[in-house]
Amino acid sequence: MLPKRILLVEDEQHIAKGIIFNLEHESYHVVHEETARAALAQLRQNHFDLVILDRMLPDSPDGLEVCAQIRALDAQIPILMLTAMGREQDKIDGLQYGADDYLTKPFNLSELLLRVSGMLRRAQWYRTRPTGESFPLGEWQINLSTGETSNNSAMFILTELELRMLRLFIEHQGEILSRSFLLKAAWGLAPDTETRTLDNFIVRLRKYFEPDPTRPIHFVTMRGKGYVFRG
Ligand code: CA
């Protein structure tokens with residue numbers, strides 16, 4: 001099997017060095033760029049299996065805009081965003097601009113490796129599923145393999161992680177899914193991980209699919225228990 005290709009976009013040398021060393025040790029092929037401009041050029045010319053993207057880059061556009069542009073080029077490629085400590089809004093922004101997950105600096109390199117391998121494994125799983133399976137939700141038809149979602153007048157594509165969460169909900173329709181179940185099943189995270197990622201994704205799914213996101217009928221919060229999906 002060919003080594004997975006990872007694009008690392010990070011301008012801080014000491015951080016980049018540590019990441020590259022660890023990824024290469026796990027037999028990934030790493031291409032490193034320090035600027036937004038060079039990263040986007042790489043993505044237009046070469047194939048990558050995953051992108052690790054620093055939120056704060058020295059040039060323009062910034063990490064968020066790069067993230068959005070990557071999504072425009074490739075709806076499915078997993079994007080792991082690196083954000084500065086304590087900037088909660090950065091994380092939410094990153095996810096809204098199409099990142100699948102984030103790590104807050106400073107992070108543990110073994111945690112980074114765990115996230116990367118999990119993201120690649122799930123991306124692979126989705127690529128090998130048969131196409132054409134379609135699920136109706138309200139006015140939308142969702143292709144559960146490609147993430148293509150359309151109604152009479154519009155079309156958009158769910159990211160890999162949005163699609164994964166949605167599949168989990170569909171597979172367990174009507175059941176209460178706990179936060180720890182979702183964290184483990186969707187991200188491979190330890191059930192007691194403190195993260196707002198999950199809630200941010202629920203917010204996104206509601207924004208896409210709820211007639212009124214402030215009064216959800218599909219992705220319903222069960223206070224103190226988790227979430228339940230009703231198609
Ligand atoms: Ca930086």
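The values are calculated or read from the model by the stated rules, or taken from the named source; none is laboratory data. Bear in mind that the values here come from a model prediction, so they are computed numbers and not experimental data. All Cβ positions, even for glycine, are placed from backbone atoms using ideal geometry, and neighbour counts span all protein chains on display. Heavy atoms of the whole protein, side chains included, go into the accessibility calculation; ligands, DNA and RNA do not. Shrake-Rupley method; radii C 1.70, N 1.55, O 1.52, S 1.80 Å.
Considering every residue within segment 159-170, establish whether at least one is open to solvent by 40 Å² or more (accessible area, probe 1.4 Å) and out of contact with any His (no Cβ under 9 Å at 6 or more places or on another chain). Within segment 159-170 (the criterion being open to solvent by 40 Å² or more (accessible area, probe 1.4 Å) and out of contact with any His (no Cβ under 9 Å at 6 or more places or on another chain)), the answer is no, since none of the residues qualifies.
Of the residues 5, 71, which is surrounded by fewer than 17 Cβ atoms within 10 Å (Cβ to Cβ) and among the charged types (D, E, K, R)?
Details: 71 fails: surrounded by fewer than 17 Cβ atoms within 10 Å (Cβ to Cβ).
Among 5, 71, only 5 is surrounded by fewer than 17 Cβ atoms within 10 Å (Cβ to Cβ) and among the charged types (D, E, K, R).
Would a scan of segment 137-152 turn up a residue that is aliphatic (A, V, I, L, M) and open to solvent by 30 Å² or more (accessible area, probe 1.4 Å)? So that I can check it myself, show each step before the final result.
At the first step, the residues of segment 137-152 found to be aliphatic (A, V, I, L, M) are 137, 142, 144.
Okay, now just the ones that are also open to solvent by 30 Å² or more (accessible area, probe 1.4 Å), so none.
Checking segment 137-152: not a single residue is aliphatic (A, V, I, L, M) and open to solvent by 30 Å² or more (accessible area, probe 1.4 Å).
Sort out which residues of segment 116-161 are modelled with pLDDT under 85 and over 30 Å from residue 20 (Cα atoms), and write them in order of number.
Keep residues of segment 116-161 that are modelled with pLDDT under 85, which gives 121-134, 145-146, 159-161.
Hits for segment 116-161 are 129, 130, 131, 132, 133, 134, 145, 146.
Which members of segment 157-179 meet the condition of being over 18 Å from the mean Cα position of the chain (by Cα), in a helix (DSSP H, G or I) and in contact (Cβ under 8 Å) with a residue 24 or more places away in the chain? Once the filter is applied, which keeps residues that are over 18 Å from the mean Cα position of the chain (by Cα), in a helix (DSSP H, G or I) and in contact (Cβ under 8 Å) with a residue 24 or more places away in the chain, segment 157-179 yields only 170.
Checked against (1) closer than 19 Å to residue 123 by Cα; (2) crowded, with 16+ Cβ neighbours inside 10 Å; (3) more than 15 Å from the ligand (Cβ to nearest atom), residue 103 passes all but a single condition, namely (3). The residue that is farthest from the ligand (Cβ to nearest atom), counting only those in segment 30-41 that are surrounded by 19 or more Cβ atoms within 10 Å (Cβ to Cβ) and among the small types (Gly, Ala, Ser), is 39. Here is a check on your reading of the model: is residue 111 without any contact (Cβ under 8 Å) to a residue 24 or more places away in the chain, part of a helix (DSSP H, G or I) and either within 15 Å of the ligand (Cβ to nearest atom) or more than 23 Å from residue 202 (Cα to Cα) (or both)? Yes; evaluated as a whole, the condition is true for this residue.
When segment 42-67 is filtered for residues that are loosely packed, with under 15 Cβ neighbours inside 10 Å and more than 16 Å from the ligand (Cβ to nearest atom), the ones remaining, listed by number, are 44, 45, 46, 47. Within segment 11-29, residues that are within 15 Å of the ligand (Cβ to nearest atom) have Cβ atoms under 8 Å from residues that are open to solvent by less than 70 Å² (accessible area, probe 1.4 Å) and part of a helix (DSSP H, G or I) in these pairs: 18/109; 19/109; 19/112, counting only partners at least 6 apart in sequence or on another chain. Counting residues in segment 79-86 that are of a type in the set (Ser, Thr, Tyr), touching a residue at least 12 places away in the same chain (Cβ under 8 Å) and surrounded by fewer than 22 Cβ atoms within 10 Å (Cβ to Cβ) gives zero.
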